[in-house]
Amino acid sequence: MLEAILLVGGKGTRLRPLTLTCAKPMIPTAGVPFLTHQLARAAAAGVEHVVLATSYRAETFSAHFGDGSQLGLRISYVTETEPLGTGGGIRNVAGLLESGPDDPVVIFNGDVLSGHDIGAQLALHREHDADVTLHLTEVDDPRAFGCVPLDDDGRVLEFLEKTPDPPTNRINAGCYVFRRSVIDAIPAGKVVSVERETFPGLLEAGAPVYGYVERAYWLDLGTPEAFVKGSRDLVLGTIASTALPGPVGERLVLEGAHVAADAQVTGGSTVGAGATVGAGAVVDGSVLLDGAVVEDGAVVRSSVVGAGAAVGRETVLDGVVVGEAARIGAHNELLAGARVWAGAELPEKAVRFSSDAS
Ligand code: GTP
């Protein structure tokens with residue numbers, strides 16, 4: 001029986017205000033909580049038992065996924081009262097694993113969308129009888145990441161911090177296969193970083209740690225820009241997911257939503273359940289969460305509009321995150337990076353970034 005651990009305990013500070021009321025992996029992404037796409041991928045790879053390592057907003061996970069049977073999985077939950085970091089979170093769920101000491105356990109970072117072949121990663125792990133096998137992806141510009149050089153046999157040589165002159169473009173993609181006994185050997189009950197402590201410690205001890213290199217679709221959904229991109233890639237089918245609640249296409253319109261006949265909803269946008277898009281409005285490459293309202297003539301591009309939030313008439317949003325139940329009045333213009341806090345109210349014509357704006 002194959003088991004997996006999903007790390008979902010982070011506070012998701014970079015995605016505030018959306019993560020003030022909702023854990024990051026529970027934010028609807030292409031119509032379902034992001035975690036659903038990962039759980040579907042795990043099930044497709046043959047995983048039968050998943051342990052969710054929760055901390056922040058822990059109760060929301062079990063309330064939604066229950067015992068996991070709807071996804072063909074058995075899901076168990078463990079909650080850290082104090083966040084233990086990635087390594088501490090993995091160690092903290094060890095008691096619920098049923099695998100034997102040498103069995104492989106798959107570990108997923110809870111905010112990565114990856115199309116890589118988990119079965120091939122497992123096969124490589126078994127072939128080398130490794131302690132840990134990491135999925136490594138290749139990026140065009142590795143300077144923003146810690147990188148992971150390998151020897152000719154695929155064995156990890158080093159875990160390097162960010163550097164202006166990286167020796168390889170291979171980076172840790174956040175999906176690991178661990179030998180079960182290696183999980184048990186992580187010190188219990190304390191904060192541990194798997195990236196900064198566990199992996200370098202294994203190398204120092206001469207343990208067999210291997211890299212599985214595959215440049216498949218890969219995206220870390222930690223920032224608002226990446227979150228919007230991940231959602232639209234799922235809707236457009238750039239990355240396949242069996243959890244998508246509708247056909248692949250330009251838009252995903254959920255039950256009870258209303259889109260005016262002359263509104264344009266394009267670019268992999270999602271219109272949440274009960275949301276409304278008014279006459280002549282444009283919604284492009286964006287996520288409207290349940291009950292959101294985009295009034296007549298408004299333009300929403302590359303943005304997230306929180307549940308129950310309203311975007312007033314003729315208002316333009318581009319690269320913006322609007323928190324739950326916020327209200328933006330008519331004739332505003334908010335651009336890249338702007339965040340409107342949950343419940344905030346912005347009067348009409350309050351903000352305009354045109355060339356003559358002060
Ligand atoms: P930011 O605050 O925006 O950096 O997000 P984050 O808190 O999710 O941190 P980060 O993206 O670095 O976390 C990577 C993964 O590890 C995510 O899936 C987190 O949910 C998870 N994670 C981070 N810290 C913890 C922790 O203390 N416990 C558990 N169980 N998971 C964690």
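The values are calculated or read from the model by the stated rules, or taken from the named source; none is laboratory data. Bear in mind that the values here come from a model prediction, so they are computed numbers and not experimental data. Don't worry about glycine lacking a Cβ; one is built from the backbone with ideal geometry, like all the others, and counts go over all protein chains shown. Just the protein is used for accessible areas: all its heavy atoms, side chains included, with ligands, DNA and RNA removed. Shrake-Rupley method; radii C 1.70, N 1.55, O 1.52, S 1.80 Å.
Can you tell me, using C-alpha contacts under 8 Å and at least 6 residues apart, the relative contact order of the range 2-220 as a whole percent?
Numbers: 445 pairs, mean separation 53.1, N = 219.
Answer for the range 2-220 is 24 percent.
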query = What is the set of long-range amide H partners of VAL259 at a cut-off below 5 Å, with H atoms built 1.01 Å from backbone N?
reply = VAL277
request  = Before rounding to the nearest 500, sum -39500 (n - 2.57) across all DSSP H runs of length at least 4 in the chain and divide by the residue total; then give [θ] at 222 nm in deg cm²/dmol.
outcome  = -4500 deg cm²/dmol
ask   = When the chain is modelled as a GNM with alpha-carbon springs shorter than 10 Å, which of ALA330, ALA63, ALA307 fluctuates the most?
value = ALA63
inquiry  = Using a Cα-Cα cut-off of under 16 Å, which aspartates and glutamates could be cross-linked to LYS11, ignoring same-chain neighbours fewer than 8 residues away?
reply    = GLU59, GLU80, GLU82, ASP111, ASP220
ask   = For the chain, modelled as a GNM with alpha-carbon contacts under 10 angstrom, which of VAL299, VAL322, VAL235 fluctuates the most?
value = VAL299
note = Nearest-0.05 FRET efficiency for ASP165 and GLU98 at R0 = 51 Å, using Cβ-Cβ distance, is 0.70
remark   = Karplus ³J(HN,Hα) for the range 170-176 (6.51 cos²θ - 1.76 cosθ + 1.60, θ = phi - 60°; Hz, whole; x = Gly/Pro) runs 8, 10, 5, 9, x, 10, 10
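Taking all protein chains together and a probe of 1.4 Å, list GLU255, GLU345 from the most accessible to the least accessible. Can you show the working numbers first?
Values: GLU255 170, GLU345 140 Å².
The ranking, largest first, comes out as GLU255, GLU345.
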query = Can you list the residues, at least 5 places off or on another chain, whose amide H is less than 5 Å from the amide H of ASP284, using H built in the peptide plane?
reply = THR266, VAL300, ARG301, SER302
task = Return the long-range amide H neighbours of SER76 (sequence gap of 5 or more, or a different chain), with a cut-off of under 5 Å between placed amide H atoms.
result = VAL50, VAL51, LEU52
Per residue solvent-accessible surface (Å²) - the chain, probe of 1.4 Å = 42
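Counting only protein chains, not ligands or nucleic acids, how are MET26, MET1 ordered by accessible area (probe 1.4 Å), most first? Mind showing how you got there, number by number?
Working: MET26 15, MET1 105 Å².
Largest accessible area first, the list is MET1, MET26.
Can you pull a Stokes-Einstein diffusion coefficient for the range 1-110 at 25 °C (0.890 mPa s), Rh from Kirkwood over Cα pairs, as a whole number of µm²/s?
Numbers: Rh = 14.0 Å.
Rounded, D is 175 µm²/s.
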query = Leaving out ligands, DNA and RNA but keeping every protein chain, what accessible area does GLU324 have, in Å² rounded to the nearest 10, with a 1.4 Å probe?
reply = 80
note = Quick note, the range 67-123: a/c under 1.5 would make it rounded; otherwise a/b > b/c is prolate and the rest oblate (a ≥ b ≥ c, C-alpha gyration tensor); here it is rounded
remark   = For the range 228-358, Rg(Cα) over 2.2 N^0.38 Å is 0.99
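Compute the Rg to Rh ratio over the chain from the alpha carbon atoms, using the Kirkwood formula for Rh, and round to two decimal places. List each step's numbers first, then the result.
Values: Rg = 21.5 Å, Rh = 21.3 Å.
Radius of gyration relative to Kirkwood radius: 1.01.
Take every DSSP beta bridge whose two residues both sit in the chain, then give the antiparallel share in percent to the nearest 5.
25
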remark   = Note to self: C-alpha centroids of the range 187-203 and the range 94-151 sit apart, in Å, by 15
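Report in % the part of the accessible area of the chain that belongs to carbon and sulfur, leaving out ligands and nucleic acids; probe 1.4 Å.
49
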key: Among LEU221, LEU288, LEU71: highest mean-square fluctuation, GNM of the chain, C-alpha pairs under 10 Å   = LEU71
Accessible surface ranking that places the most exposed of LYS162, LYS190, LYS229 first, with a 1.4 angstrom probe = LYS162, LYS190, LYS229
inquiry  = Could you derive backbone 3J(HN,Hα) for the range 265-281 from the dihedral phi with the Karplus parameters 6.51, -1.76 and 1.60 (θ = phi - 60°), listing whole Hz in sequence and x where the residue is Gly or Pro?
reply    = 10, 9, x, x, 6, 10, 10, x, 4, x, 7, 10, 10, x, 4, x, 6
